[in-house]
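The values are calculated or read from the model by the stated rules, or taken from the named source; none is laboratory data. None of these values were measured; they are calculated from a predicted model. Cβ sites come from the backbone with ideal geometry, for glycine too, and all protein chains shown count toward neighbours.
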Amino acid sequence: MHARLCVFACCCVVASCSRNGEVSRVRPHLSGAPGTGALAIVEQTFTKAMAEERAQPRRALGDCLSGLKQASRELERDPDNAIAIRDYNFGIARIFRILNDTHLDPWHSPLTLPSETGDFVLTHKADSRPEWNPVLYDFTPADEYDIHGKYVTERTIRPGLGAAIVAVERQPNKRARQDFAPSRLFYSVSVVAHFKGNRCELEALDPLATETVMFNGRTFPLAADFTVPLAVMLQQTEPKNQEYARLFNPEKFAHTAAIERLQPYDPNKTVVLVIHGLMDSQATWTRS
């Protein structure tokens, strides 16, 4: 009997070491055919911005905004231009890449940025909800992640307008238990950019609450990546590592039992409560 228990324990340890959500970083690139005409210039501008990001981050941001503005004009001329939508989304994502790498901050006050086509001002649309304050999060473009693992087998996206961005809460939430929230929030946001002259306003939208967005007087599907935030959460928190420990020593881990919501409460939606069993964790729901 003792030998059987030892074998079982060894199997538990080996199983707990397997990766359930692996995330690797990749260098983003434009997929598909290159743009022509004005969009070819847009793509060259983005390439230039990516090359100068470390040496001249403010100039790189200004060049990104210059290319993004031109992509916006192309979309205004032809809202069905798939290449223009692709380039527009790519430009927003690169802005967030530069902001994340350089810690430049358009959230507290607007940034004035130089470019070959003149100075740009970068700001954001404020949200009245405290949990949507951008200073609380680190942002990474979803197109910079490659995901795989036992519990992440499919990538669920919604094509459309906007850059899919992964938002990770910087500090643990001290009110997590009272708010039925995770200790740190990993969430998907979709960002669109609106221009008024050379002033660019970034607008963050919740893709789980909003399926469309108005842009230049036309309604577009709102782009989203619903899988990457979950994969990042699984890799950083690794909830399955405690499954066997909780089973064999429940008193020690009793404080970890909690109800956690994965998105802000919406009174217009029906609440669905899912409860995992023994020797399991919330990671199991990523395969459902």
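So, of the residues in the stretch 122-139 that are part of a helix (DSSP H, G or I) and not charged (D, E, K, R), which turns out to be farthest from residue 98 (Cα to Cα)?
Filtering the stretch 122-139 for residues part of a helix (DSSP H, G or I) gives 130-132, 134-136.
If we keep only those that are not charged (D, E, K, R) too, we end up with 130, 132, 134-136.
Numbers: 130: 25, 132: 21, 134: 15, 135: 16, 136: 18 Å.
Filtering the stretch 122-139 for residues that are part of a helix (DSSP H, G or I) and not charged (D, E, K, R), the one farthest from residue 98 (Cα to Cα) comes out as 130.
Taking residue 139 as the residue in question, decide whether it is closer than 18 Å to residue 72 by Cβ, touching a helix residue (DSSP H, G or I) at 6+ places or on another chain (Cβ under 6 Å) and aromatic (Phe, Trp, Tyr). Write out each step before concluding.
Values: closer than 18 Å to residue 72 by Cβ: no; touching a helix residue (DSSP H, G or I) at 6+ places or on another chain (Cβ under 6 Å): yes; aromatic (Phe, Trp, Tyr): yes.
Against the criterion (closer than 18 Å to residue 72 by Cβ, touching a helix residue (DSSP H, G or I) at 6+ places or on another chain (Cβ under 6 Å) and aromatic (Phe, Trp, Tyr)), residue 139 does not qualify.
Considering 24, 66, 72, which residue is outside any helix (DSSP H, G or I) and on the phi < 0 side of the Ramachandran plot? Explain how you work it out, then say what you get.
Values: 66 fails: outside any helix (DSSP H, G or I); 72 fails: outside any helix (DSSP H, G or I).
None of the others qualify; the one that does is 24.
Is it true that residue 95 is closer than 22 Å to residue 165 by Cα and either assigned to a helix (DSSP H, G or I) or without any contact (Cβ under 8 Å) to a residue 40 or more places away in the chain (or both)?
On the way: closer than 22 Å to residue 165 by Cα: yes; either assigned to a helix (DSSP H, G or I) or without any contact (Cβ under 8 Å) to a residue 40 or more places away in the chain (or both): yes.
Answer is yes for this residue.
For the stretch 156-201, which positions are under 17 Å from residue 66 (Cα atoms) and surrounded by fewer than 21 Cβ atoms within 10 Å (Cβ to Cβ)?
194, 195, 196, 197, 198, 199, 201
I'd like the full set of residues that are more than 17 Å from residue 120 (Cα to Cα) and of a type in the set (A, V, I, L, M, F, W, C), limited to the stretch 39-92.
Hits for the stretch 39-92 are 39, 40, 41, 50, 51, 55, 75, 82, 83, 84, 85, 90.
Exactly one condition in (1) exposed (fewer than 15 other Cβ atoms within 10 Å of the Cβ); (2) at pLDDT 90 or above; (3) among the hydroxyl-bearing types (Ser, Thr, Tyr) is false for residue 72; which is it?
Against the list (1) exposed (fewer than 15 other Cβ atoms within 10 Å of the Cβ); (2) at pLDDT 90 or above; (3) among the hydroxyl-bearing types (Ser, Thr, Tyr), residue 72 comes up short only on (1).
Restricting attention to the stretch 113-124, report how many residues are out of contact with any helix residue (DSSP H, G or I) (no Cβ under 6 Å at 6 or more places or on another chain), of a type outside the set (A, V, I, L, M) and surrounded by 14 or more Cβ atoms within 10 Å (Cβ to Cβ). Full working, then the answer.
Here is the first cut: in the stretch 113-124, the residues out of contact with any helix residue (DSSP H, G or I) (no Cβ under 6 Å at 6 or more places or on another chain) are 116, 118-119, 121-124.
The next check asks that each one be of a type outside the set (A, V, I, L, M); those that pass are 116, 118-119, 123-124.
From what's left, surrounded by 14 or more Cβ atoms within 10 Å (Cβ to Cβ): 123-124.
Total satisfying the criteria: 2.
For the structure I just gave you, tell me whether residue 146 is surrounded by fewer than 16 Cβ atoms within 10 Å (Cβ to Cβ), in contact with a helix residue (DSSP H, G or I) (Cβ under 8 Å, 6 or more places away or on another chain), of a type in the set (Asp, Glu) and farther than 16 Å from residue 88 by Cα. Walk me through it before giving the result.
Details: surrounded by fewer than 16 Cβ atoms within 10 Å (Cβ to Cβ): yes; in contact with a helix residue (DSSP H, G or I) (Cβ under 8 Å, 6 or more places away or on another chain): no; of a type in the set (Asp, Glu): yes; farther than 16 Å from residue 88 by Cα: yes.
In short, no.
Name, by its number, the condition in (1) in contact (Cβ under 8 Å) with a residue 40 or more places away in the chain; (2) on the phi > 0 side of the Ramachandran plot that does not hold for residue 119.
Going through the list (1) in contact (Cβ under 8 Å) with a residue 40 or more places away in the chain; (2) on the phi > 0 side of the Ramachandran plot, residue 119 breaks only (2).
Filter the stretch 6-39 down to the residues that are modelled with pLDDT under 50 and of a type outside the set (Ser, Thr, Tyr) and list them by number. Step through it out loud before you land on a result.
Here is the first cut: in the stretch 6-39, the ones modelled with pLDDT under 50 are 6-18.
Once the filter is applied, which keeps residues that are modelled with pLDDT under 50 and of a type outside the set (Ser, Thr, Tyr), the stretch 6-39 yields 6, 7, 8, 9, 10, 11, 12, 13, 14, 15, 17.
Residue by residue through the stretch 192-205, note down the ones that are in contact with a Gly (Cβ under 8 Å, 6 or more places away or on another chain) and closer than 13 Å to residue 132 by Cα.
205
Given the condition part of a helix (DSSP H, G or I) and either at pLDDT 90 or above or within 25 Å of residue 197 (Cβ to Cβ) (or both), answer yes or no: does some residue in the stretch 102-121 qualify? Write out each step before concluding.
Within the stretch 102-121, the first condition is being part of a helix (DSSP H, G or I), and the residues that meet it are 102.
After this cut, where a residue has to be either at pLDDT 90 or above or within 25 Å of residue 197 (Cβ to Cβ) (or both) as well, the list is 102.
Yes: the stretch 102-121 contains one or more residues that are part of a helix (DSSP H, G or I) and either at pLDDT 90 or above or within 25 Å of residue 197 (Cβ to Cβ) (or both).
So for the stretch 40-60 (the condition being touching a Leu at 6+ places or on another chain (Cβ under 7 Å), more than 24 Å from residue 146 (Cα to Cα), at pLDDT 50 or above and not in a loop (DSSP other than H, G, I, E, B)), does at least one residue qualify? Outline the logic, then answer.
Going residue by residue through the stretch 40-60, those that are touching a Leu at 6+ places or on another chain (Cβ under 7 Å) are 43, 57-58.
In the following step, the residues that additionally are more than 24 Å from residue 146 (Cα to Cα) were identified as 57-58.
Then drop every residue that is not at pLDDT 50 or above, which leaves 57-58.
Okay, now just the ones that are also not in a loop (DSSP other than H, G, I, E, B), so 57-58.
Yes, that holds for at least one residue.
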